[in-house]
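See structure below.
Bear in mind these aren't lab numbers, they're just calculated from the coordinates by the rules spelled out. As the structure is a computational prediction, the values presented were derived from the model and not from experiment. Methodologically, a virtual Cβ is constructed for each residue, glycine included, from the backbone with ideal geometry; neighbour enumeration extends over all protein chains shown.
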Amino acid sequence: MMGMDTITITLNGVEVSGQSGMTVLELARESGVDIPTLCDDPNLAAYGACRLCVVEEERTGALLASCVSPIRPGMVINTKSPRVLERRKILIQLMLASHPDSCMVCDKGNRCQLRTLAAEMGVGLIRYQRIPHLATIEEVNPFIERDLSKCIMCARCIRADQELVVEGAIDYINRGFASKPATLNDLPLEKSECTFCGTCVAMCPTGALKEKENTYRGTTTATVETVCPYCGCGCGISLEIKDERIVRVKPGKTSPVNHGALCVRGCYGYDFVHSPERLTNPLMKVNGTLQPVTWEQALEQTAAEIKRIKEQYGTDSLAVLGSSKCTNEENYLLQKFARDVLGTGNIDNGGRLYNSATGTALKTSSLEELEKADVIMVIGANPAVSAPAVGYALKRAVKKGARLVLVDVRKTKLNQFTHVWLQPGVGTDIALINGLAKVIVDEKLSERESDDFPAFRKSLEAYTPAYVEQVTGVPAQEVQLAARLLAGAKRVSIIYGNGITQQTGTDGVKAIANLAMLTGTAGILSLQRENNARGAAQLSGLWESNGLTAFEMMEQAAMGKLKGMLIVGENPASSFPHPSAVQKALASLEFLVVADMFLTETAKLATVVLPAASFAEKDGTFTNFEGRVQQVRKAIAPAGNSLPDGEIIVKLASKLEYQMPSSPQQIAEEIQKLAARAKSREIARFSPVQFAPPAKAPDGYPLTLLTGTILHHFGSGTRSFMASRLKKFSPRSWVEIGTADAERLGLNESNRVKIISSAGEATASVRITDTLPPGTLFMPISFPDSKVMELFDLQSPSLKSCAVRLERTS
Ligand SMILES: Nc1nc2c(c(=O)[nH]1)N[C@H]1C(S)=C(S)[C@@H](COP(=O)(O)OP(=O)(O)OC[C@H]3O[C@@H](n4cnc5c(=O)[nH]c(N)nc54)[C@H](O)[C@@H]3O)O[C@H]1N2
Ligand SMILES: Nc1nc2c(c(=O)[nH]1)N[C@H]1C(S)=C(S)[C@@H](COP(=O)(O)OP(=O)(O)OC[C@H]3O[C@@H](n4cnc5c(=O)[nH]c(N)nc54)[C@H](O)[C@@H]3O)O[C@H]1N2
Ligand code: SF4
Ligand code: SF4
Ligand code: SF4
Ligand SMILES: [Mo]
């Protein structure tokens, strides 16, 4: 690296060298020289607005803003000459002159960088005439408050919004003294593109942007770096702690995943940890009602029941479900508990269940590779909502010139970033993907010549652009256009989600893998992930899978073959298809023990409920969707008498006379031994798949209902509805219907409707949108008030869509 690219300058009398292209500020920092800044942030491009980073070039006497001045050979820089210090003082005085004297009551307190710098420079009384303030803006959202009288125009918020999360919600409006960062037409944030990701708030150096409706006030006494418990992105978060409470969440300091950004759930969704609804004691059913008991009683009873069932009915009458939310170490213990203590292979988890189609995929790509791609294909995934950190990286890539091929049956937030939007009919993706592959092969755009290639080429014969148009509805020219774009790219990145895995399953994933191999350099990212779905799935993959799947467990329970279950951190009575049937199945068990943080629909059916500690109350690791194993750190003591799942499993095993490994080192060693034994993956080969048209809808159900995630809630809603601000912002479910369908059916937004499928029914209020193809509806999952899962059953071919009809109820 050294040599031609190295530049040497004199910095405060000392010779230092850096790479060409570095700024004076960067080299100074690298050399341990501190220069004050307000508008600079390591995650944003240099901007040169606050000018506090001024330094003196001693040969020319010029004062330079070091953040935007590249190093040049022979420079002689002084970062603290009298002229520099005087200039900085004046700048701070000018900022304070237009700043209100409300420091004593400002929420930013001693985290305000302006106040800190003023104190360090000894700037107190202001000699300048005061400049009038801008008023606070009235906002109804529960997340963010803006008091622009405190704004110093550093533009960190604007750059965070435009460069980092690429939402485009705010920009400067007006000129001169009236200039300020604002939304389009100066509307409240909730009327803009703002997603309340909180990234701008975390970056604002003053009290101009701050958290609203704080859940706890106080000066932070400790900061703990850990990992977000919601989606599989695995963003790094900093938990600011006081009195064993999380006061605030900020983006993790050095996370390679989120680079200083968060989403609304990670930023404002943490207070479920302190919800008064948390389970703080074990519960046991006495005369039909759950009552608090001691751990000793709860574990004794559980062990006794497990022994009894095992002796009476045999080991296969027991099963374990859990958990894609628990740590890797806890997942290992749970696997061991099922196999060695209970003696059964009946163990499944959400990570494996909902992502089982993913095992076939090629090497997983990374966010870093995604940002370097020149063509990105997103298929059946909605990352702007379901995995915001992926959405940010993707939008940044598009801003840098990457082309986006979006394959979705609905219009999503990503459409405005899209080069080609392919809109296939629901469940027809395999035909489309095979069609893309055929164009690439026929036009000899790929030079793949492996021994499995001829058979693959032959398998594509039927998928001419004309045929693909006929079965998917995507115009032939668009298939060709997209195929040429993919084939012509240097680096392709493919992101797929539940629109594939829960629609066309394993075959859909194989088709994508084939396409990726054709495009040569493509990396694949599978999106459908919870915080540790990938880790949980990987760990269960270390054993031969020979037991019941989660859905089979429910069927066997209903048939009376399964007698006892342990469920850890999954809520099937609410999130599985046809919850009322699942509830019946679980209620018919002789013994159900549930470990959760809350009394969920599932826990209510249990004989014994064990209170689990939250992510903030335990140590361990989560594996994010890229495969990155990240440290989860205990920040506070577990609520009440709750315990981390790992400890619960160890305790329960010992009641059953089994000694579990309990030290992290011991667990890590055992995992490694197991991993070494597991067979290594075969190299990627083409695996031809054929399109089968989706099953015909039963008569009388003319509409197709899609289900999916929405930004402000998560999973079955247990946690996000215990987060006060998320619940307040988005309290109730709805059903979306296209403008033309609404007109045809005489529906408007004041109506409530009944949605009826052959399996069950749900009710919701109507929202009219322009995002849906004719004959299609959309309902979000995650709302406890919504019975959307009742519309599906365990045998449903798809979890994403079903045939329905509508009835107006009001
Ligand atoms: N029709 C339809 N159905 C669907 C879907 C759909 O799109 N359409 N999506 C499906 C998908 S992909 C998924 S993943 C599921 C989601 O469904 P679930 O995974 O059941 O839902 P969650 O609410 O995310 O989490 C379950 C429970 O884990 C608990 N929990 C969280 N952390 C911990 C912990 O550390 N320890 C313990 N013990 N408990 C913890 C929470 O309190 C919560 O009660 O829903 C599925 N159902
Ligand atoms: N906010 C939020 N984020 C979440 C979650 C949450 O509950 N809330 N859950 C997490 C979990 S567990 C998961 S699994 C992931 C899911 O993450 P995603 O897979 O990204 O999200 P979904 O909303 O399930 O569906 C993705 C898209 O598939 C499209 N689609 C439906 N059917 C088809 C089809 O036949 N073909 C094509 N091409 N597209 C189709 C839908 O229109 C939708 O835009 O999100 C994770 N992130
Ligand atoms: S909260 Fe996020 S989306 Fe909203 S203005 Fe700030 S950076 Fe943009
Ligand atoms: S609101 Fe904050 S981040 Fe935005 S320009 Fe003003 S001081 Fe800077
Ligand atoms: S993108 Fe996912 S991991 Fe990141 S803050 Fe949001 S929910 Fe948490
Ligand atoms: Mo999922």
> Leaving out same-chain residues fewer than 8 places away, which lysines sit with a Cα under 25 Å from that of LYS80?
Replying inline: LYS89
>> Just want the ordering: MET517, MET554, MET104, from fewest to most Cβ atoms lying within 10 Å of their own Cβ.
In response: MET104, MET517, MET554
>> Whole angstrom only: what separates the Cα centroid of the range 558-572 from the Cα centroid of the range 175-230?
In response: 43 Å
>> Restricting to DSSP loop positions (anything but H, G, I, E, B) with no more than 14 other Cβ atoms inside 10 Å of their own Cβ, which trypsin sites (Lys or Arg not before Pro) remain in the range 252-303?
In response: LYS253
> If you take the Cα atoms of the chain, find Rg, then find the Kirkwood Rh from the mean of 1/r over all pairs, what is Rg/Rh?
Replying inline: 0.99
> Quick one: putting +1 on the C-beta of Lys and Arg, -1 on the C-beta of Asp and Glu, what dipole do you get for the chain around its Cα centre, in Debye to the nearest 20?
Replying inline: 1140 debye
> Could you give the length gained on full extension between ALA692 and ASP243, defined as 0.36 nm per residue of separation minus the Cα-Cα distance, in nm?
Replying inline: 155.8 nm
>> For ILE648, ILE430, which order do you get if you count the other beta carbons within 10 Å of each Cβ and list the fewest first?
In response: ILE430, ILE648
> For the range 60-101, what log10 I(q)/I(0) values come out of the Debye formula at q = 0.17 1/Å, with one point per alpha carbon and no solvent?
Replying inline: -0.59
>> For a Förster distance of 22 Å, can you work out the FRET efficiency between the beta-carbons of SER20 and GLU86, rounded to the nearest 0.05?
In response: 0.10
>> Please compute the length gained on full extension between ASN641 and GLU311, using 0.36 nm multiplied by the number of residues separating them and subtracting their Cα-Cα distance.
In response: 115.6 nm
> Hey, if you put +1 on the Cβ of every Lys and Arg and -1 on every Asp and Glu Cβ in the chain, which of PHE551, THR519, THR226 ends up farthest toward the positive end of that dipole?
Replying inline: THR226
>> Give me the extension gain from GLU461 to VAL286: residue separation times 0.36 nm, minus the current Cα-Cα distance, reported in nm with one decimal.
In response: 56.5 nm
> About its Cα centre, what dipole magnitude does the range 479-611 give when the only charges are +1 on Lys and Arg Cβ and -1 on Asp and Glu Cβ, stated in debye to the nearest 20?
Replying inline: 560 debye
> Taking R0 as 60 Å, what's the FRET efficiency between GLU120 and ASP699 from their Cβ-Cβ distance, rounded to 0.05?
Replying inline: 0.20
>> Which entries of LYS400/LYS634; LYS108/LYS400; LYS253/LYS399 have Cα-Cα distances beyond 30 Å here?
In response: LYS400/LYS634; LYS108/LYS400
> Rounded to the nearest 0.05, what FRET efficiency is calculated for ARG175 and LEU94 with R0 set to 22 Å and r the Cβ-Cβ distance?
Replying inline: 0.80
> Of TYR658, TYR47, TYR392, how do they rank once you tally other Cβ atoms within 10 Å and put the fewest first?
Replying inline: TYR658, TYR47, TYR392
> For the range 246-404, what is the charge dipole size about the Cα centre, in debye to the nearest 20, if Lys and Arg each add +1 at the Cβ and Asp and Glu each add -1 at the Cβ?
Replying inline: 800 debye
>> Run the Debye formula on the Cα coordinates of the range 425-479, all scatterers equal and no solvent, and tell me log10 I(q)/I(0) at q = 0.14, 0.23 1/Å.
In response: -0.35, -0.83
>> Kirkwood hydrodynamic radius, computed over distinct alpha-carbon pairs, for the range 677-810: how many Å, to one decimal?
In response: 16.7 Å
>> From the phi angles alone, apply the Karplus equation (6.51, -1.76, 1.60; θ = phi - 60°) to the range 538-555 and give each ³J(HN,Hα) in whole Hz, x where the residue is Gly or Pro.
In response: 4, 5, 5, x, 6, 10, 4, 8, 10, x, 6, 7, 4, 5, 4, 4, 5, 5
> Cα centroid distance between the range 595-670 and the range 454-494, in Å?
Replying inline: 47 Å
>> Let me see the P(r) profile for the range 401-542: every Cα-Cα distance counted, bins of 10 Å, each bin given as a percent of all pairs.
In response: 11, 41, 35, 12, 1
> Taking the range 392-421, which trypsin sites (Lys or Arg not before Pro) meet the DSSP loop condition and have no more than 11 other C-beta atoms within 10 Å?
Replying inline: LYS400
> LYS561 versus ASP186, label points 7 Å from Cα toward the beta carbon: distance in nm?
Replying inline: 7.0 nm
>> Straight-line reach only, C-alpha to C-alpha below 29 angstrom: list the lysines that LYS307 could link to, leaving out same-chain residues fewer than 8 apart.
In response: LYS285, LYS325, LYS336, LYS561, LYS563, LYS584, LYS604, LYS651, LYS655
